[in-house]
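The structure follows.
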Amino acid sequence: MGACLSGKNRDGWKSVIDKLRRIPNHDIQGKLKISFDALDGEEQQNAFVDIACFFIDRKKEYVAKVLGARCGYNPEVDLETLRGRSLIKVDAIGKITMHDLLRDMGREVVRETSPKEPGKRTRIWNQEDAWNVLEQQKGTDVVEGLALDVRASKAKSLSAGLFAKMKCLNLLQINEAHLTGSFKLLSKELMRICWLQCPLKYFPSDFTFDNLDVLDMQYSNLKKLWKGKKILNRLKIFNLSHSQNLIKTPNLYSSSLEKLKLKGCSSLVEVHQSIGNLTNLAFLNLEGCWCLKILLESIGNVKSLKTLNISGCSELEKLPERMGDMESLTELLADGIENGQFLSSIGQLKYVRRLSLCRNSSAPPISSLISTGVLNWKRWLPTSFIVKRLELSNGVVCLIA
């Protein structure tokens, strides 16, 4: 409430206090809603409500991508306004949090628009409401976001046809749901799909990706995604982490993709050569892809790549020669890779400024890099790499420029 009063003159304070006096003492949400009503425009209010319904405990960077797709502009100013007015908080690791009372107030704002018919609300986050709307086919074109988590439910099968009336659906979360039927019936306006533990082995061929900005398929059962190539020039974040049956990354062309996350894809044996056509990719995470032996030379075409995480890729033979010319690549995380050929290939990386080569502390002490002597590390480092900090602890080695 103090944040709401901050920056106002005396008349502004009197106006807010008068509103507070008219609200009964027991109506806490009514008092909190004054701060919501004082936000600068519908865009900030929508951002607050989206967070209250769907994005608590999500990384700020991730939320900004989704909200940006929704509103059509960079929402950083709106998020800073919400934080400045104490409507949200951002913790030390970048996660957005919100007090439970503020969360409930934001959700009540949505509920009040249609108290008895959740299918006519813009956002559906309550599990019971979501089930009722889908089973009774009461969804409407008012619905913009729906979250359903069936991981604790016996009923996991849903027909895509149940979403057919939700023509304006932007945000969809269907964790562990087995979606059947024609995927053409899903909204063409979908911008963000979160489908954790997707049980499908192959992605449906009739699914439309045209407007997707975020596709989150962590812990999926996918083996392959699609046949042939797809051109996705709106997608910004593609997360397939911990999809342990995934064998090969998809044939994907994109001028917009910024983050590709494949952490823990333990069956992955090939990164498709189309990786070189991801012209805006800045972050590639292959951590824990134990079966991966080769990175193709085409990765050297990704001139935008800043961070590459290949920690735990213990079978990786070497880095492609063309990576030496990647000026943008300034961070390499390669913990737990100990073969000499790979370590020798690091020397070609002229522009890396942060290098992590920690030994896997859980591995048996064989061929340990420590055993070769710390002085021998220099022969593997890029000539331009100046070690500012060397950390040694329990068999772990980290080098930071």
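Using the Cα centre of region 172-311 as origin and beta-carbon charges of +1 (Lys, Arg) and -1 (Asp, Glu), tell me which of L281, L252, T180 is placed farthest towards the positive end of the dipole.
The Cα lying farthest towards the positive end belongs to L252.
Rank these for me by crowding, R103, R85, R354, going from fewest to most other beta carbons within 10 Å.
Lowest count first: R354, R103, R85.
Determine ³J(HN,Hα), in whole Hz, for all residues of region 280-295 in sequence, where each value follows from phi through the Karplus function 6.51 cos²θ - 1.76 cosθ + 1.60 and θ = phi - 60°; x replaces Gly and Pro.
These are the phi-based 3J(HN,Hα) values: 10, 5, 10, 9, 10, 10, 10, 4, x, 8, 5, 8, 6, 10, 9, 9 Hz.
Past 19 Å, Cα to Cα, is the threshold; run K223/K306; K306/K350; K138/K165 against it and keep the listed order.
K223/K306
Take the alpha carbon atoms of region 117-216, find their radius of gyration, then divide it by 2.2 N^0.38 Å using N residues; give the quotient.
0.97
Ranked by Cβ crowding within 10 angstrom, fewest neighbours first, how are H272, H99 ordered?
H99, H272
Note down the nm distance, to one decimal, between modelled labels 7 Å out along Cα→Cβ at K154 and at K303.
If labels sit at K154 and K303, their model points lie 6.0 nm apart.
Longer than 18 Å from Cα to Cα, which of K184/K263; K31/K59; K65/K201; K65/K259; K95/K263; K201/K248 are they? Say none if no pair is.
Listed pairs above 18 Å: K184/K263; K31/K59; K65/K201; K95/K263.
Which ³J(HN,Hα) values in Hz, rounded to whole numbers, follow from the phi angles of region 31-47 under the Karplus curve 6.51 cos²θ - 1.76 cosθ + 1.60, where θ = phi - 60° and Gly and Pro get x?
5, 5, 5, 4, 5, 5, 5, 7, 5, 7, x, 5, 4, 5, 5, 5, 4
Read-outs throughout are calculated quantities, based only on the coordinates presented, and are distinct from any laboratory measurement. All values reported here derive from a predicted model rather than from experimental measurement. Note that each Cβ is placed from the backbone with ideal geometry, even for glycine, and that neighbours are counted across all protein chains shown.
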